[in-house]
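The values are calculated or read from the model by the stated rules, or taken from the named source; none is laboratory data. Small disclaimer: the values here were computed from a predicted structure and weren't measured. Here the Cβ positions follow ideal geometry from the backbone for every residue, glycine too, while neighbour counts run over all protein chains shown.
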């Protein structure tokens, strides 16, 4: 035995003395990594424990003291000790931990860790700030580095399914703090939450999402559309005629005809709204008239006509009853925000999203093009923005790229790396124009600007360009942003910051001018981190009488005034930003006007900030409502550790919650704390709404917008999963004001109609378009018969989704058609939902009768 150990030690010493790329790759392949998150409940949400188990799966010993392991965390690691330049040595765990910047951390293994023999494991326990209750709270693609060698991703952590993270099986793992009321939904919970019944496809055959304002049908005057029809349209509607012709494979001409034609025309619909439309089948002949107040109105009329013609997800020739639809949007701004900075989304993905938005009459795409993690648009005169700022790789000096974040790994590959060249961006603009969607570009500033700052520092090093630096070279301020960056705030006190902004704005204007003239420049505008700028020589000169504590606030206000002049006066644009951009010391900055656009989003009820939306509107700011409790589509659909998503605003946001939003009075949406504890309007607003500003100028509410942040979204399939079907509910509320919104709850009948339209009409369309929407898990109800058998009924959230169950752990599946019987209380059923085309399935749910019995004991 001792001889064997001595041999292993000798082999390990050879390994240490001669670590090669081959040996490093061997460790990456053979070092198994398992992660368990626990203790959130134990520490009442103030921190949690990450247990890392390292297992040597190889045939020879491993010695890791020349190896550094890099990993990511959403929260500060060892918050009692980090961040600090020297790092933190945990002798109990035999590791030396460093916070690099942002979410990137380094673990250096101490010699005391010793040799890891084949099939031997070592356990490391790390304390991390706040809670973690979801598998996606762990970020994958951990990688190892040794001096002079190429960094290599650990195979065990490379999979996007996060299979190296252990299941969350007890409350100390899946609850955040003692007051957390949420448990993972059981199949019975899901069934009880499903309020709607299956009405059958015939009940919604001619249903349209979003719901039109007025619809009438006359079965005595049917109209049959076939391939002998033509489309007629004036040259000004060539785009709309081409779109409809491509969908129905019909030719179009600009000469009016009297029969068997779909006539597209601009004219008086009887409603002043430019996006209104009137479509109807005419009594005199086989003719369908699509009339809009503008080309956009005609386009939306075309979309409604296509919905009427859709059967099993495909637009098809068919006979329709005589019909008349008069429609107009509830809001002029109906938007989606898409973050392409955290994880890059290629041009094709954005174009596909534009098609889906147009199908449901959404008309604004707020494109988030920069953040701490990357800059995503080519600015030819500042090439470092993309040569450095658009790439993430293992360069801790950030001279060639931004350091890895959000599982981007050590190599500069997508989705961590990537950007739009001018022609890519203009392709997006042209497609958006054809779909009547306005692109609103956003570049985050003055905070969340790490990527831009590092790119301009490299430009300064290479070409001595001091005129575009975003920092004061003499600034020694120390701070940490919410995302744990120590260098992500532009300096508003140096003139080079405004030179940079002028270059960016003028370039964006030039990209837009011949396609879709730029209307808004969105600066983001979130708050400068506390402690930033306090040691800036330039800021001390600019604000000599301001205390260090007040300096970031005053510098931010100065930045806003300079940028507003540049955007509004010099460039003749409008300035947009998040709510923080337009607030100073708790009140809106004076000067609210139609030249500005604010996106108030922080409505977490117990934080007392929901009144910011109405404060801005009352102060003259046009406002787009973006309440995070209802419209954060990066949040999970269920409070389950297996569901993807962040959950800082609400533990989950399902499609019903989006559908139930009542934008006319934000305070009517007060429901629960983040913990799940019930809240009433009285709890938050007090008697007579004393704590909640009323909306005095409703004309300043421009519309609503949902957020699509992409920290956890790496590809199109995942983006589709997180956006759909919630986008359908967003479109319904943005376009259609339902009568029930004046009441306290959504009537079952309205939700029932919506879910049936989604299931029978829209999900097949999404399947046909290869949009991989989230498939909800099945719900079940259990009853007993006279002979003590248990009768199981299954149900889907959206009718028309197929249900399956298995008694052999998914080896074989049975289609659910009617209730079935169980006579063994220990027998486990595995269940899943299938897409309407049968090509995809949801994750599975498990159930045994004994689960009910044990839960009642």
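General remarks:
- Scanning the stretch 720-729 for residues that are in contact with a helix residue (DSSP H, G or I) (Cβ under 9 Å, 6 or more places away or on another chain) and in a loop (DSSP other than H, G, I, E, B) turns up at least one hit.
- Residue 362 vs. criteria in a strand (DSSP E or B) and either surrounded by fewer than 24 Cβ atoms within 10 Å (Cβ to Cβ) or at pLDDT 95 or above (or both): no
- Checked against the criterion of being outside the structural domain of residue 66 (by TED's automatic domain parsing) and touching a residue at least 40 places away in the same chain (Cβ under 8 Å), the candidates 186, 157, 150, 136 yield just one match: 186.
- Residue in the stretch 270-289 that is within 30 Å of residue 634 (Cα to Cα) and either modelled with pLDDT of 95 or more or surrounded by fewer than 24 Cβ atoms within 10 Å (Cβ to Cβ) (or both) present: yes
- Failed criterion for residue 270 (all others in (1) in a strand (DSSP E or B); (2) on the phi > 0 side of the Ramachandran plot hold): (1)
- Any hit, the stretch 79-88, residues being under 14 Å from residue 51 (Cα atoms), in a strand (DSSP E or B), modelled with pLDDT of 95 or more and more than 29 Å from the chain's Cα centre (by Cα): no
- Scan the stretch 826-853 for residues that are more than 17 Å from residue 788 (Cα to Cα), at pLDDT below 95 and not in a strand (DSSP E or B) and the total you get is 0.
- Scanning the stretch 89-99 for residues that are part of a strand (DSSP E or B) and crowded, with 18+ Cβ neighbours inside 10 Å turns up 90, 95, 97, 98, 99.
- Enumeration of residues in the stretch 667-682 that are closer than 24 Å to residue 698 by Cβ and within 22 Å of the chain's Cα centre (by Cα): 669
- Every condition in (1) under 24 Å from residue 718 (Cβ atoms); (2) surrounded by 13 or more Cβ atoms within 10 Å (Cβ to Cβ) holds for residue 822 except the one numbered (1).
- Scope the stretch 552-578; condition surrounded by 23 or more Cβ atoms within 10 Å (Cβ to Cβ) and in contact with a helix residue (DSSP H, G or I) (Cβ under 6 Å, 6 or more places away or on another chain); matching residues: 555, 575
- Residues within the stretch 68-83 that are surrounded by 22 or more Cβ atoms within 10 Å (Cβ to Cβ) and under 20 Å from residue 158 (Cα atoms), tallied: 3
- Residue pairs whose Cβ atoms lie under 9 Å apart, sitting 6 or more positions apart in sequence or on different chains, and linking a residue in the stretch 583-604 that is over 18 Å from residue 524 (Cβ atoms) to a partner that is part of a loop (DSSP other than H, G, I, E, B) and at pLDDT below 90, do not occur here.
- Listing of helices (runs of 4 or more DSSP H) fully contained in the stretch 449-550 that carry 1 or more residues being surrounded by fewer than 21 Cβ atoms within 10 Å (Cβ to Cβ) and on the phi > 0 side of the Ramachandran plot: none
- Restricting the stretch 311-332 to residues that are assigned to a strand (DSSP E or B) and within 27 Å of residue 705 (Cβ to Cβ) leaves a set whose member that is nearest to the chain's Cα centre (by Cα) is 327.
- Among the conditions (1) under 23 Å from residue 452 (Cα atoms); (2) without any contact (Cβ under 8 Å) to a residue 60 or more places away in the chain, the only one that residue 566 does not satisfy is (2).
- Of all residues in the stretch 597-606, those satisfying the criterion of being assigned to a strand (DSSP E or B) and in contact with a helix residue (DSSP H, G or I) (Cβ under 7 Å, 6 or more places away or on another chain) are 598, 599.
- Residue selected from the stretch 241-267 under the condition modelled with pLDDT of 95 or more, part of a loop (DSSP other than H, G, I, E, B) and touching a helix residue (DSSP H, G or I) at 6+ places or on another chain (Cβ under 8 Å), by the criterion surrounded by the most Cβ atoms within 10 Å (Cβ to Cβ): 250
- Every residue from the stretch 673-726 that is in contact (Cβ under 8 Å) with a residue 40 or more places away in the chain, in contact with a strand residue (DSSP E or B) (Cβ under 7 Å, 6 or more places away or on another chain) and surrounded by fewer than 17 Cβ atoms within 10 Å (Cβ to Cβ): 679
- Where a residue in the stretch 733-744 is without any contact (Cβ under 8 Å) to a residue 40 or more places away in the chain and its partner, wherever it lies, is crowded, with 17+ Cβ neighbours inside 10 Å and assigned to a loop (DSSP other than H, G, I, E, B), with Cβ under 8 Å and at least six apart: 740/746
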